[in-house]
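What follows is a single structure, written as structure tokens, with notes after it.
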Amino acid sequence: MSDTKVEEVNHCNLNFDPQNGSSWVDVFVHEMMNASDWNDVRSRATQMLEAFEKSVITNSVSSYEQQVTSLKEQLQSLLRDNQILKKAVAIQHERSLEQDEKLKEMQHLKHVLSKYHEQVQTLERNNYTLRIHLQRAQESSSIPGRFHPDVF
């Protein structure tokens with residue numbers, strides 16, 4: 001059926017919907033009932049089938065184009081999400097490296113602090129020992145009070 005024939009069908013039957021199968025059946029039956037002889041039936045059937053084929057192809061192409069467009073949009077969205085996730089992973093990785101570095105530094109500082117704490121204890125013991133030796137030396141000295149004032 002040519003475009004003009006489909007337009008004629010649309011004008012004759014205002015409820016005609018090319019995407020609705022029952023509308024095609026109604027139009028086909030209407031066309032067959034209006035045929036005058038077998039040649040006219042054959043001609044009308046051919047025109048109807050051609051129009052139906054054209055409608056199916058148009059609808060299929062339109063549907064395919066919509067699917068392609070939708071898939072392209074989904075792909076673009078997924079690519080954007082992928083980029084965002086890649087950046088997030090890179091940021092998290094960098095933070096993890098920084099955290100590891102800080103942890104190593106903290107462990108090192110704890111070790112240094114422990115060493116300094118040991119040194120302080122050793123110095124306090126040595127100071128106590130020297131104070132005791134000085135005190136004993138002053139007590140056993142025959143010359144009391146003759147030590148330098150800064151020593152004790």
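Within the straight-line cut-off of under 24 Å between alpha carbons, the lysines reachable from LYS54 are LYS5, sequence neighbours fewer than 8 places apart in one chain being disregarded. For a label point 7 angstrom out from the Cα of ILE132 toward its Cβ, which stretches of the range 93-120 have the backbone nitrogen within less than 16 Å? Within reach of a label on ILE132: no residues.
Working note: Karplus 6.51/-1.76/1.60 with θ = phi - 60° gives the range 37-50 the couplings 8, 5, 5, 5, 4, 4, 5, 5, 5, 4, 4, 5, 5, 5 Hz, where Gly and Pro are set to x.
Throughout, read-outs are computed from the coordinates displayed, never taken from laboratory work. What you are looking at is a predicted structure, and each value in this text was computed from that prediction instead of being measured. Virtual Cβ from ideal backbone geometry, glycine too; neighbours counted across all protein chains shown.
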